[in-house]
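Derivation of every value follows stated rules applied to the coordinates shown; laboratory data play no part. Small disclaimer: the values here were computed from a predicted structure and weren't measured. So basically every Cβ, Gly included, is an ideal-geometry build from the backbone, and we count neighbours across all protein chains shown.
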């Protein structure tokens with residue numbers, strides 16, 4: 001199994017470490033020719049969604065990545081990655097990849113100083129480590145999207161077929177269960193974990 005991690009900006013190294021611990025080979029996606037390599041899944045890390053979206057376009061990777069996701073490539077997105085996938089941004093007219101049928105509000109919890117860490121539920125898992133850093137909020141999900149996690153009534157993780165998106169950072173702790181869920185359900189196609 002090989003997981004490709006978008007490595008143009010953000011916390012891509014932390015994601016690589018998580019997937020290596022789970023026995024995956026990893027590949028950094030930094031330029032268009034990296035997309036020609038073979039990989040089984042794509043990780044869109046946290047960071048600055050505006051910068052990442054701009055770089056995807058400038059480096060001519062945008063259309064290729066979008067097409068591959070729409071064609072079924074499993075993708076896991078955290079924080080800024082979730083903003084990249086969203087079909088609608090409530091506080092910004094920009095649409096990036098637009099493959100996930102959700103509406104997102106950027107920086108919904110406040111500035112960097114308002115960042116926080118909790119243990120919460122994710123699917124059937126309890127006490128999952130979740131770091132919220134200038135996190136977005138998922139305010140709308142289309143019918144058929146599975147809500148996997150909530151915090152104080154706010155949706156924090158969803159799955160739509162091959163796409164898993166979170167407003168928090170599971171990769172910043174030692175808990176590997178979110179990444180394992182992605183590998184089991186989105187990549188391998190297991191119906192339960």
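Of note:
- Separation between Cα centres of region 133-193 and region 5-83, rounded to whole Å: 16
- Candidates 72, 173, 144: whichever shows maximal mean-square fluctuation once the chain is modelled as a Gaussian network with Cα springs under 10 Å: 144
- Mean Cα-pair separation over length for the chain, i.e. relative contact order, pairs under 8 Å, 6 or more apart, %: 18
- Each peptide among 176-188, 19-31 gets the average number of other Cβ atoms lying within 10 Å of its residues, and from highest to lowest they stand as 176-188, 19-31.
- Counted over the chain, the DSSP beta bridges are approximately 55% antiparallel.
- Using just its DSSP H runs of length 4 or more, each adding -39500 (n - 2.57), the chain gives a mean residue ellipticity at 222 nm of -5500 deg cm²/dmol after division by all residues.
- Cα gyration tensor shape for region 2-187, rounded if a/c is under 1.5, else prolate or oblate: rounded
- Exposure proxy order (Cβ contacts within 10 Å, fewest to most) of 133, 118, 65, 43: 118, 133, 65, 43
- Under the criterion of Cα pairs below 8 Å and six or more residues apart, the relative contact order for region 15-103 equals 25 percent.
- For the peptides 93-106, 153-166, residues were scored by their other Cβ atoms within 10 Å and the scores averaged per peptide; the highest-first order is 153-166, 93-106.
- Inter-probe distance in nm under a simple model that places probes 7 Å from Cα toward Cβ, at residue 60 and residue 176: 3.8
- Förster radius 35 Å - calculated FRET efficiency between residue 142 and residue 115, Cβ distance, rounded to 0.05: 0.75
- Within region 72-88: backbone nitrogen closer than 16 Å to the residue 188 label point (7 Å, Cα to C-beta): 74
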